[in-house]
Amino acid sequence: MQTFTLHTIDSAPEQSKPTLQALTQKFGFLPNVMATMAGNPVLLNGFAGSFGSFHGGSLDECEKQALLLTNAVTIQCPWTVAAHSTFALEDGMAESDVRAIREGRLPAHPKYAALSALTRALIQKRGHVSEAEIDRFTAAGYSQSQIFEVITSIGISTMAATTTNMAGTPVEERFKAQAWMPGH
């Protein structure tokens with residue numbers, strides 16, 4: 001397997017450094033996925049821009065984590081499942097809802113279930129969702145335009161998951177309690 005560098009702010013290409021500094025400030029540490037992405041400023045800066053836009057949207061933190069965790073499980077990415085499981089629990093999502101998503105089931109919380117069902121359908125069907133699937137989403141209290149925030153979450157999750165899966169990015173100690181493997 002090819003190895004990829006986990007960059008620091010000092011070792012990263014010049015065009016990645018400002019983004020790494022901002023991300024380190026936001027998280028209080030530099031997540032390994034972003035340290036890996038830093039090898040190419042196009043990827044890192046595109047990810048960071050989409051990430052910032054998504055996190056400035058209309059969904060609350062637990063709703064965002066329900067989406068990002070569902071994406072991670074559906075894409076089958078151990079790093080992003082561990083990270084978003086940790087963040088979901090830290091943001092106050094019920095442990096039972098986190099466990100359900102990790103196991104490929106819908107969470108009990110009705111709004112998280114609607115988010116999870118739609119994001120999984122969008123990924124698995126590559127956007128070819130039915131009117132009934134969209135109706136279930138809006139019936140849970142979401143607007144039709146919020147589907148585009150769900151799509152944004154899929155985009156950032158795809159960048160992170162594809163990077164970590166391809167590069168074999170290690171899971172940080174902070175996330176190891178939520179380690180996950182597909183099919184487990």
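Observations, loosely collected:
- Positions within region 76-92 being outside any helix (DSSP H, G or I) and surrounded by fewer than 24 Cβ atoms within 10 Å (Cβ to Cβ), in sequence order: Gln76, Asp91, Gly92
- Any hit, region 115-126, residues being in a helix (DSSP H, G or I) and in contact with a Cys (Cβ under 9 Å, 6 or more places away or on another chain): no
- Condition check for Ile134: assigned to a helix (DSSP H, G or I) and within 27 Å of Glu172 (Cβ to Cβ): no
- Just one residue in the set Ser16, Ser96, Ser50 is within 26 Å of Phe148 (Cβ to Cβ), of a type in the set (Gly, Ala, Ser) and either touching a Pro at 6+ places or on another chain (Cβ under 9 Å) or surrounded by 15 or more Cβ atoms within 10 Å (Cβ to Cβ) (or both); that residue is Ser50.
- Only residues that are touching a residue at least 40 places away in the same chain (Cβ under 8 Å), among the aromatic types (Phe, Trp, Tyr) and closer than 21 Å to Ser50 by Cα were counted across region 1-33, and they come to 1.
- Filtered by the rule that a residue be over 16 Å from Glu61 (Cβ atoms) and within 17 Å of the chain's Cα centre (by Cα), region 91-104 gives Arg99, Ala100, Arg102, Glu103, Gly104.
- Checking the stated criteria, Lys111 turns out to be of a type in the set (D, E, K, R), over 30 Å from Gln25 (Cβ atoms) and surrounded by 15 or more Cβ atoms within 10 Å (Cβ to Cβ).
- Of all residues in region 105-114 being assigned to a helix (DSSP H, G or I) and not aliphatic (A, V, I, L, M), the one that is nearest to the chain's Cα centre (by Cα): Tyr112
- Scanning region 127-165 for residues that are without any contact (Cβ under 8 Å) to a residue 24 or more places away in the chain and over 25 Å from Gly57 (Cβ atoms) yields a count of 0.
Rule-based calculations on the coordinates, nothing more; no lab input. Computed from a prediction, not measured in an experiment: that's the story for all the values here. Quick reminder, even Gly has a Cβ in these numbers, built from the backbone with ideal geometry, and neighbours come from all protein chains shown.
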